[in-house]
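The values are calculated or read from the model by the stated rules, or taken from the named source; none is laboratory data. Quantities reported herein were computed from a predicted structural model and do not represent experimental measurements. Glycine gets a Cβ as well: all are built from the backbone with ideal geometry, and neighbour counts include every protein chain shown.
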Amino acid sequence: MYEYSEADHAFLAERNRQFRAQVERRVDGSLTEEEFKPLRLMNGLYLQLHAYMLRVAIPYGTLSSDQLRKLAEIAERWDKGYGHFTTRQNIQFNWPRLRDVPDMLDALAEVGLHAIQTSGNTIRNVTADHFAGAAADEVADPRPHAELLRQWSTDHPEFQFLPRKFKIAVTGSAADRAVIRAHDIGLELREKDGKIGFRVLVGGGLGRTPMIGKVLRDWLPEADLLPYCEAIVSVYNLLGRRDNKYKARIKITVHEHGIEEISRLVEERFALIRPAFRGADRTLLNRIRAMFAPPEWADLPVPPLPDDPGLRAWADVNVASHRNPGYAIVTVSLKKHGATPGDATAGQMRVLADLAARYAHDELRISHEQNVVLPHVHRAHLAAVHAALKAADLATANVGLASDIIACPGMDYCALATARSIPVAQGIAERIEALRIERDVGELQIKISGCINACGHHHVGHIGILGLDRAGVENYQITLGGSAGPDAAIGERAGPGFAYDEIVPAVERLLTAYLALREEPGERFVDAYRRLGPAPFKAALYPEAARDAA
Amino acid sequence: MPRAFAAKVLTANDLLEGDVVYLAADDRWVRDHREAELLEDEAVAEDRLLYAESRAAEVVGPYLADARGGPDGPEPIHFREAFRTRGPSNYPHGKQADV
Ligand code: SF4
């Protein structure tokens with residue numbers, strides 16, 4: 001993992017000292033809210049519906065056990081004993097008091113964490129495949145590149161006031177678990193003639209105008225990563241619209257100017273700035289890469305899994321292949337049926353930190369699906385890990401299944417929300433459990449957002465749910481057939497929305513219809529949808545309309 | 001015909017705690033919607049908003065929210081404002097914890 005240098009520590013200490021003084025000046029009245037708001041947002045402090053919220057960046061979703069223990073301590077000492085992991089691999093604390101925030105930031109700095117650039121029109125936390133460094137199918141660990149991008153973009157003087165926020169995601173695997181096609185820049189590590197490079201996508205994004213990213217360069221040599229990204233962001237910085245916030249993201253810039261013109265401008269700029277990079281970035285990358293050297297793998301015998309149905313059912317869905325065949329990747333679901341997606345209590349964080357220290361070479365990852373990953377668990381320890389998770393109520397076996405729902409905070413917390421998301425996710429998961437159909441339904445991605453900003457990625461859910469305010473009443477719109485992976489697609493709107501108490505039954509009807517419609521048990525929901533088109537699913541959603549038409 | 005003015009309460013978030021607050025008739029910031037002053041006259045409501053903005057050292061983001069009179073005091077109209085009187089629906093946190 002990346003280790004902070006003295007300069008990094010000094011930088012954070014100075015930023016926190018400044019913010020402490022700014023808070024004091026706000027409290028004593030020398031700063032107005034208008035003056036203070038941009039300062040607090042630069043330090044990740046939002047004001048939500050019921051309280052402040054501190055958003056802490058978890059760079060490319062990687063945490064050490066010490067860092068997770070510190071997050072647990074912060075949750076307990078200054079919040080309400082839990083934290084919420086987000087789709088951007090961040091953690092949010094929902095109840096801090098203004099005066100405590102400088103202390104929280106100092107505590108974070110002790111373990112090399114901060115909240116800088118988790119807001120504002122800047123380059124946000126660089127996200128990555130949550131199986132990075134562990135996946136059996138990756139070309140290379142993308143985290144050194146993500147760290148290089150993080151260092152380059154943090155406090156970058158030219159990019160603090162972009163037309164709009166800017167999100168970069170990196171994956172080392174063609175399987176794309178990082179939703180790179182829905183990011184402003186998506187980077188996919190590839191190998192060609194024994195060399196590492198990138199496919200570069202640009203202009204993806206969800207929100208009001210969802211777009212799938214377009215290929216800007218099919219092959220970018222690894223050495224050109226920073227100058228090329230700098231070229232993209234500076235072209236956007238000049239061209240991006242500042243007159244209309246809804247048209248300010250790079251996806252609109254690419255859409256309005258066309259990918260050819262953007263490519264021409266980026267290549268022109270790249271040629272201009274590339275000589276200035278002189279190789280310092282590559283030296284830095286090599287230094288960073290050394291810090292991400294794989295752990296020393298244990299060479300233990302792999303016993304067969306004990307014949308425990310609970311363990312086997314869990315291993316079936318929550319365990320993935322590791323690059324080292326003796327090892328496995330364990331995903332810990334934070335989606336117990338009826339629980340808030342992505343929430344972990346301080347106690348659970350400590351259990352996970354202890355398990356990582358004992359069984360996973362001290363590493364954890366946070367997934368954009370709002371789960372926690374133990375990336376390097378020796379197969380000899382799977383049963384012990386499962387037993388410990390079970391004791392902590394963390395052994396829900398539903399990763400990738402219907403109740404592994406992504407849900408944004410929605411109107412239970414978020415000031416921008418138009419409706420709630422969390423209770424809808426809770427209701428669907430509970431219903432699925434009551435029906436006992438989860439295993440049978442198989443892989444299914446349900447994603448819920450509480451407003452058009454789409455933090456819950458609803459557009460790319462196999463079933464997407466968008467909460468809206470229709471004349472003062474919560475209303476939920478369903479989209480079908482979206483996908484977040486390499487076959488990324490924007491879901492299609494199914495029809496009129498559903499009231500709050502109708503949305504769970506509507507999803508149930510969809511699942512029942514799917515079970516009847518699929519060709520064979522292996523045909524996933526999204527595949528059946530692609531094969532059959534929307535009509536039979538719409539008929540299930542709107543039985544009265546179907547009856548009237550008959 | 002101009003639309004009739006819908007009654008309002010003046011609400012904001014407390015500067016230090018972030019908690020939802022309402023302006024009472026005696027100029028106190030209160031935490032309970034039912035203790036808020038119901039503003040039934042548009043000019044008075046606008047005046048109260050200006051007044052609230054002058055108290056920026058205590059609160060953040062004051063605004064007028066639709067409300068109606070009820071047996072125990074003003075009641076919210078929109079569901080967003082109703083949630084603000086209670087707290088989130090997934091945990092007994094926020095105002096509902098104090099009841
Ligand atoms: S999608 Fe909307 S409601 Fe949900 S977290 Fe994002 S801004 Fe808030």
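Under the condition of being in contact (Cβ under 8 Å) with a residue 60 or more places away in the chain and within 14 Å of another protein chain (Cβ to nearest Cβ), which residue from the stretch A:429-458 is farthest from the ligand (Cβ to nearest atom)? Selected residue: A:E430.
Checking the stated criteria, A:I196 turns out to be at pLDDT 95 or above and either assigned by TED's automatic domain parsing to the domain that holds A:H457 or within 21 Å of A:D224 (Cα to Cα) (or both). Going through the stretch B:45-99 one residue at a time, which ones are in contact (Cβ under 8 Å) with a residue 40 or more places away in the chain, facing chain A (nearest Cβ under 7 Å) and closer than 30 Å to A:K336 by Cβ? B:R84, B:G94 - these are the residues of the stretch B:45-99 that are in contact (Cβ under 8 Å) with a residue 40 or more places away in the chain, facing chain A (nearest Cβ under 7 Å) and closer than 30 Å to A:K336 by Cβ. Residue count for the stretch A:27-59 under the criterion of being in contact (Cβ under 8 Å) with a residue 12 or more places away in the chain and over 16 Å from A:N94 (Cβ atoms): the result is 10. Among the numbered conditions (1) hydroxyl-bearing (S, T, Y); (2) away from every other protein chain (no Cβ under 14 Å); (3) surrounded by 21 or more Cβ atoms within 10 Å (Cβ to Cβ); (4) over 21 Å from the mean Cα position of the chain (by Cα), the only one that A:S65 does not meet is (4).
Residue-wise test of (1) at pLDDT 95 or above; (2) within 18 Å of A:D501 (Cβ to Cβ); (3) in contact with a Leu (Cβ under 7 Å, 6 or more places away or on another chain).
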| residue | (1), (2), (3) |
| --- | --- |
| A:T396 | yes, no, no |
| A:Y413 | yes, no, yes |
| A:A425 | yes, yes, no |
| A:I428 | yes, yes, no |
| A:I432 | yes, yes, no |
| A:L435 | yes, yes, no |
| A:L444 | yes, no, yes |
| A:A454 | yes, no, yes |
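Each row is one residue, and each column tells you yes or no for (1) closer than 13 Å to A:V441 by Cα; (2) of a type in the set (A, V, I, L, M, F, W, C); (3) in a loop (DSSP other than H, G, I, E, B); (4) under 29 Å from the mean Cα position of the chain (by Cα).
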site: A:I503; (1), (2), (3), (4): no, yes, no, yes
site: A:A506; (1), (2), (3), (4): no, yes, no, yes
site: A:T512; (1), (2), (3), (4): yes, no, no, no
site: A:E520; (1), (2), (3), (4): yes, no, yes, no
site: A:A528; (1), (2), (3), (4): yes, yes, no, yes
site: A:P536; (1), (2), (3), (4): no, no, no, no
site: A:A540; (1), (2), (3), (4): no, yes, no, no
site: A:A545; (1), (2), (3), (4): no, yes, no, no
site: A:D548; (1), (2), (3), (4): no, no, no, no
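Identify the residue in the stretch B:1-44 that is within 14 Å of the chain's Cα centre (by Cα) and in a helix (DSSP H, G or I) and, among all such residues, is nearest to the other protein chains (Cβ to nearest Cβ). Top of the filtered list is B:H33.
Find the helices (runs of 4 or more DSSP H) located wholly in the stretch A:206-324 whose residues include 1 or more that are touching a Pro at 6+ places or on another chain (Cβ under 9 Å) and farther than 25 Å from A:R365 by Cα, and list them. Quick ask: steps written out before the conclusion?
Numbers: elements: A:225-239, A:250-257, A:259-273, A:280-291, A:309-318.
Qualifying helices (runs of 4 or more DSSP H): A:225-239, A:250-257, A:259-273, A:280-291.
Checking each residue in the stretch A:108-167 for being modelled with pLDDT of 95 or more, surrounded by fewer than 24 Cβ atoms within 10 Å (Cβ to Cβ) and at positive phi picks out only A:G112.
The residue that is farthest from the other protein chains (Cβ to nearest Cβ), among those in the stretch A:405-423 that are within 7 Å of the ligand (Cβ to nearest atom) and among the hydrophobic types (A, V, I, L, M, F, W, C), is A:C408.
Return the total of residues in the stretch A:9-40 being within 14 Å of chain B (Cβ to nearest Cβ), over 29 Å from the mean Cα position of the chain (by Cα) and either part of a helix (DSSP H, G or I) or within 13 Å of B:L15 (Cα to Cα) (or both).
13
When A:L466 is tested against (1) within 16 Å of the ligand (Cβ to nearest atom); (2) within 14 Å of chain B (Cβ to nearest Cβ), only condition (2) is not met. Against the conditions (1) away from the ligand (no atom under 15 Å from the Cβ); (2) surrounded by 24 or more Cβ atoms within 10 Å (Cβ to Cβ), A:V399 satisfies every one except (2). For the stretch A:93-109, which positions are under 18 Å from A:F19 (Cβ atoms), within 14 Å of another protein chain (Cβ to nearest Cβ) and in contact (Cβ under 8 Å) with a residue 60 or more places away in the chain? Residues satisfying the conditions are A:L98, A:R99, A:V101, A:P102.
Do you know which residues across the stretch A:494-550 are at pLDDT 95 or above and basic (K, R)? Of everything in the stretch A:494-550, those that are at pLDDT 95 or above and basic (K, R) turn out to be A:R509, A:R518, A:R524, A:R530, A:R531, A:K538. A single member of B:P62, B:P88 is within 9 Å of the chain's Cα centre (by Cα) and within 30 Å of A:Q22 (Cα to Cα), and it is B:P62. The condition (being surrounded by fewer than 24 Cβ atoms within 10 Å (Cβ to Cβ) and either of a type outside the set (G, A, S) or in contact with a helix residue (DSSP H, G or I) (Cβ under 8 Å, 6 or more places away or on another chain) (or both)) is satisfied by just one residue among A:A471, A:A499, A:A488, A:A484: A:A488.
Would you mind finding the one in A:R289, A:R241, A:R274 that is more than 28 Å from the chain's Cα centre (by Cα) and surrounded by 13 or more Cβ atoms within 10 Å (Cβ to Cβ)? Unique residue meeting the criteria: A:R274.
Looking only at the stretch A:158-181, decide whether some residue is over 18 Å from the mean Cα position of the chain (by Cα), assigned by TED's automatic domain parsing to the domain that holds A:W219 and not in a loop (DSSP other than H, G, I, E, B). Yes - at least one qualifying residue is present in the stretch A:158-181. One residue is enough: does the stretch A:369-389 have a residue meeting the conditions assigned by TED's automatic domain parsing to the domain that holds A:D316, touching a strand residue (DSSP E or B) at 6+ places or on another chain (Cβ under 8 Å), under 25 Å from A:G450 (Cα atoms) and within 16 Å of the ligand (Cβ to nearest atom)? Checked against the condition, which is being assigned by TED's automatic domain parsing to the domain that holds A:D316, touching a strand residue (DSSP E or B) at 6+ places or on another chain (Cβ under 8 Å), under 25 Å from A:G450 (Cα atoms) and within 16 Å of the ligand (Cβ to nearest atom), the stretch A:369-389 yields at least one hit.
Pairs linking a residue in the stretch A:472-483 that is on the phi > 0 side of the Ramachandran plot to a residue that is in a loop (DSSP other than H, G, I, E, B) and crowded, with 21+ Cβ neighbours inside 10 Å, with Cβ atoms under 9 Å and 6 or more positions apart or on different chains, are A:G481/A:H462; A:G481/A:G491.
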